[in-house]
Amino acid sequence: MDYLTRLTPNFFCWEKPSGRDGKCKGQLFEDGNGFGWEEWLLKDYHANKNKPEHVCTGFIQAFNGKNQNRAVTTLHLYTRLCNNQSGIAPGCYYLGWIDYVIIENNESLELDEVNESLLNVDVHQFPAPPFQNVKFKVKNVHFHCPKKNKTMSINLDVGQFRFALYDLNTHKNLQSQIKTIRKKYNL
């Protein structure tokens, strides 16, 4: 099955946290804490790019205590940027996809690494990290970090801004936009 989900904003290509910049206001974990646990999602991927069969681990909020019995053939990812210092207009941006995502709880992030990463972006709150809940191979990652003047906007309907899992067979507006973006940018 093909799904779409949201990642918290990040300006370090989801290798480490980037702090409060770009985070949206509201009753969100990222606003209250200055980061989201997805910000380490591609740390393992970046460290092992030359090893296509390497199995990466990470955290995605859409699988945090829910959707754990889903078979995910393709997981499309987007982020919602609010006001930021990077010069990227606020909005929702398509980031790419990961094929054959396996959902399971495994070890948690190293607490010392979490604390150091957060201090580097001036975040001083250290809630205990959740378990990493996804696995995927390096060769299955097709990801593009948003950059000024090189972003792929996606228009979401009311209610589609949540950190939920959206089935692309049900949400036809998302399915057609992703096809258009992939064709336009040769993805």
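Observations, loosely collected:
- Relative exposure of Leu4, Leu165, judged by other C-beta atoms within 10 Å (fewest first): Leu165, Leu4
- The chain: most fluctuating residue of Leu111, Leu75, Leu174 per GNM, C-alpha cutoff 10 Å: Leu111
- Sorting His142, His124 from the fewest to the most surrounding beta carbons within 10 angstrom yields His124, His142.
- By the helix-only formula, in which each DSSP H run with n ≥ 4 contributes -39500 (n - 2.57) and the sum is divided by residues, the chain has a 222 nm mean residue ellipticity of -5000 deg cm²/dmol.
- For segment 97-132, GluC sites (Glu not before Pro) are listed when DSSP marks them as loop and at most 15 other Cβ atoms sit within 10 Å of their Cβ; the list is Glu104, Glu107, Glu110.
- For the residues Gly159, Gly36, Gly87, a GNM of the chain with alpha-carbon springs under 10 Å puts the largest fluctuation on Gly159.
- Charged neighbours of Gln160, selected by a Cβ distance under 13 Å, balance to +2 (K, R count +1; D, E count -1).
- The string of couplings for segment 152-160 from the Karplus curve (6.51, -1.76, 1.60, θ = phi - 60°) is 10, 5, 9, 9, 10, 7, 3, x, 9 Hz, one whole number per residue in order, with x for Gly and Pro.
- When the GluC sites (Glu not before Pro) in segment 1-78 are filtered for DSSP coil states and for at most 12 other beta-carbon atoms within 10 Å of their beta-carbon, the remaining sites are Glu53.
- Pairwise centroid distance, computed over Cα atoms, of segment 131-152 with segment 44-70, Å: 10
- Those residues of segment 121-139 whose amide nitrogen sits under 13 Å from the label point placed on Gln85, 7 Å along Cα→Cβ: 121-123
- Within the shell defined by Cβ-Cβ distances under 15 Å, the residues around Glu53 carry a net charge of +3, with Lys and Arg each +1 and Asp and Glu each -1.
- Within segment 27-70: backbone nitrogen closer than 19 Å to the Asp157 label point (7 Å, Cα to C-beta): none
- Low-density loop cleavage sites - trypsin sites (Lys or Arg not before Pro) in segment 79-187, where at most 15 other Cβ are within 10 Å (DSSP): Lys148, Arg162
- Surrounding net charge for Cys24, when Lys and Arg each add one and Asp and Glu each subtract one, Cβ distance under 15 Å: +1
Values in this text are rule-based calculations from the coordinates and carry no lab data. Just so it is clear, the model here is predicted, and its values are computed rather than measured. Please note: Cβ atoms are built from the backbone with ideal geometry, for glycine as well, and neighbour counts cover all protein chains shown.
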